[in-house]
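So the structure is just underneath, and the comments pick up after that.
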Amino acid sequence: MKINKYEGYDLDSLIEEAKKEFGENVKIISYEEEEEKGILPFQKRVKYTLFVEVPTPKESFLELLNKEEKNDEVDKFLKKIETMIDKKISSIKISNMQNLSTPPHNEQSILMQEEFDEFSGDALELINALLKKEVEPKIAKILVKESCGLDINTNKLDLNTSFFKEAIINSVKKKIKFSGPLKIQKGGLKVKAFVGPTGVGKTTNLFKIASELVINQNLKVAVISIDTFKVGAIQQARAYANILNIPFFAITDSKNLKKTLSNMSGIDVVLIDTVGRSHYDYWRLGEMKEILGGGNELIDISLVISCNYKNSEAVEIVNRYKTFFSINSIFFTKIDETYKPGILVNLPIKTDIALSFVSTGQRVPEDIRLLNPEKIANYLLGE
Ligand SMILES: Nc1nc2c(ncn2[C@@H]2O[C@H](COP(=O)(O)OP(=O)(O)O)[C@@H](O)[C@H]2O)c(=O)[nH]1
Ligand SMILES: [Mg+2]
């Protein structure tokens with residue numbers, strides 16, 4: 001306890017002074033009086049000494065916390081808060097676990113069991129691996145079933161082989177069509193068009209193909225860019241054509257395509273780049289159809305789709321393009337940007353369209369691969 005001392009000759013004013021300093025309720029401990037003699041013998045006066053208790057300040061919690069030296073009180077207080085928080089967290093955890101593990105979890109596991117009830121052993125394991133790569137459950141079932149036989153012990157389906165890769169290659173061969181390598185004959189004019197949404201990689205990949213044809217197959221290639229907006233979003237294509245030193249044409253209507261194609265003497269293959277439009281933009285797609293249809297009925301049309309698309313989105317795109325064009329193959333791009341390439345099998349099985357190439361990066365011309373069952377198996381198994 002700390003004590004303050006006040007000295008003076010008027011007790012009341014000493015008390016007032018103490019109250020001023022420590023408030024109305026200041027605690028007076030005691031006072032002493034002492035007679036002081038003046039210079040003359042009759043001159044006397046009383047000197048008072050007042051003792052008051054210095055109240056310990058009531059510091060706010062924050063003030064206590066800010067004190068560098070923590071005292072026991074703070075520690076105790078913090079401990080109490082910690083315990084309260086711990087209790088709260090564990091009660092939340094328990095209630096969350098109950099929420100997750102009771103009805104929905106049970107429902108899901110029953111659903112999963114029922115969905116794949118006919119499979120056992122390795123077949124189930126392979127299905128699981130495919131689901132992890134975002135192969136749709138229905139598609140995983142179709143694929144795995146294709147490489148299964150009936151196990152007489154369990155009366156369930158199991159893989160015919162102990163190698164997942166072999167199983168997938170076998171199933172993909174049976175369920176998915178592949179357009180195979182480009183078959184272009186010298187002297188016969190082949191016309192190949194790339195359609196698809198903006199930014200999927202049509203222009204970049206058209207020039208990968210062009211490079212392969214020009215450099216490795218020694219073919220005469222020309223590129224036509226169709227821009228239905230009638231403004232030049234074609235600089236990139238023109239620049240690539242210049243690098244490859246091949247003829248480049250930009251056209252905006254069907255008459256022009258016919259005319260341009262009929263003037264292609266000495267050219268083995270014409271690659272048509274289209275300026276992507278939203279697949280909801282029926283007007284532009286209609287225009288493009290008219291231009292392509294008006295030029296040559298035998299145009300080989302490749303729909304370019306990014307592996308980044310969600311499965312449902314990709315199916316929607318294919319369906320919309322299908323209403324305008326006769327699509328010969330799907331050209332996948334940006335496989336390097338996904339770890340879950342289930343779309344490689346979901347889309348061809350759902351749409352029954354053959355697969356052609358997959359683009360594996362931005363580099364022209366090297367980042368492109370021909371798709372075949374083995375490639376698909378490698379991608380699906382993450383090899
Ligand atoms: N990461 C990656 N990027 C790609 C791939 N293919 C194309 N791109 C890039 O995607 C962007 C759009 O390509 P572009 O050919 O202009 O698309 P377009 O609008 O369909 O003609 C460009 O930056 C390309 O370099 C690919 O396979 N992987
Ligand atoms: Mg383009």
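The values are calculated or read from the model by the stated rules, or taken from the named source; none is laboratory data. It should be emphasised that the depicted structure is a prediction, and the values quoted were computed from it without experimental measurement. Every residue, glycine among them, receives a Cβ derived from its backbone with ideal geometry; neighbour counts consider all protein chains shown.
Tally time: how many residues in the stretch 173-206 are closer than 24 Å to Lys258 by Cβ and within 9 Å of ligand 1 (Cβ to nearest atom)? Qualifying residue count, the stretch 173-206: 5. If you go through the stretch 303-313 and keep only what is closer than 22 Å to Gly286 by Cβ and without any contact (Cβ under 8 Å) to a residue 60 or more places away in the chain, you end up with just Glu313.
Taking strands (runs of 3 or more DSSP E) that fall entirely within the stretch 1-57, which contain at least 3 residues that are acidic (Asp, Glu)? Give the steps one after another, and end with the answer.
Details: elements: 2-8, 27-37, 44-54.
By residue number, 27-37.
Restricting attention to the stretch 232-250, the residues that are touching a strand residue (DSSP E or B) at 6+ places or on another chain (Cβ under 6 Å) and either within 16 Å of ligand 2 (Cβ to nearest atom) or free of Cβ contacts under 8 Å to residues at least 12 places away in the same chain (or both) total 7. Going through the stretch 249-267 one residue at a time, which ones are at pLDDT 90 or above and either among the aromatic types (Phe, Trp, Tyr) or under 42 Å from the mean Cα position of the chain (by Cα) (or both)? Within the stretch 249-267, just Phe249 meets the criteria.
Tell me which residues, restricted to the stretch 112-158, are assigned to a loop (DSSP other than H, G, I, E, B) and either more than 23 Å from the chain's Cα centre (by Cα) or modelled with pLDDT under 95 (or both).
Taking the stretch 112-158 and keeping what is assigned to a loop (DSSP other than H, G, I, E, B), we get 116-118, 120, 133-136, 147, 152-155.
Residues satisfying the conditions are Phe116, Asp117, Glu118, Ser120, Ser147, Ile152, Asn153, Thr154, Asn155.
Of the residues in the stretch 352-368, how many are within 18 Å of Lys173 (Cβ to Cβ) and either surrounded by fewer than 19 Cβ atoms within 10 Å (Cβ to Cβ) or in the same structural domain as Lys132 (by TED's automatic domain parsing) (or both)? Qualifying residue count for the region: 2.
Give the residue, chosen from Ile291, Ile246, Ile305, Ile215, that is modelled with pLDDT of 85 or more and either under 21 Å from Ile353 (Cβ atoms) or surrounded by 22 or more Cβ atoms within 10 Å (Cβ to Cβ) (or both). Full working, then the answer.
Values: Ile291 fails: modelled with pLDDT of 85 or more; Ile246 fails: either under 21 Å from Ile353 (Cβ atoms) or surrounded by 22 or more Cβ atoms within 10 Å (Cβ to Cβ) (or both); Ile215 fails: either under 21 Å from Ile353 (Cβ atoms) or surrounded by 22 or more Cβ atoms within 10 Å (Cβ to Cβ) (or both).
It is Ile305.
Could you tell me whether Phe178 is closer than 23 Å to Asp300 by Cα and touching a helix residue (DSSP H, G or I) at 6+ places or on another chain (Cβ under 6 Å)? Judged against the criteria, Phe178 is not a match. Taking each residue of the stretch 21-33 that is under 14 Å from Leu50 (Cα atoms) and looking for partners that are among the aliphatic types (A, V, I, L, M) and part of a strand (DSSP E or B) with beta-carbon atoms closer than 6 Å, six or more apart or interchain, yields Val26/Val52; Ile28/Val52; Tyr31/Leu50; Glu33/Val46.
Within the stretch 174-213, can you find the residues that are basic (Lys, Arg) and either within 10 Å of ligand 2 (Cβ to nearest atom) or without any contact (Cβ under 8 Å) to a residue 24 or more places away in the chain (or both)? Spell out the reasoning first.
Of all residues in the stretch 174-213, those basic (Lys, Arg) come to 174-175, 177, 183, 186, 190, 192, 202, 208.
Lys183, Lys202, listed by residue number.
The condition (being away from ligand 1 (no atom under 16 Å from the Cβ) and under 32 Å from the mean Cα position of the chain (by Cα)) is satisfied by just one residue among Ile169, Ile234, Ile209: Ile169.
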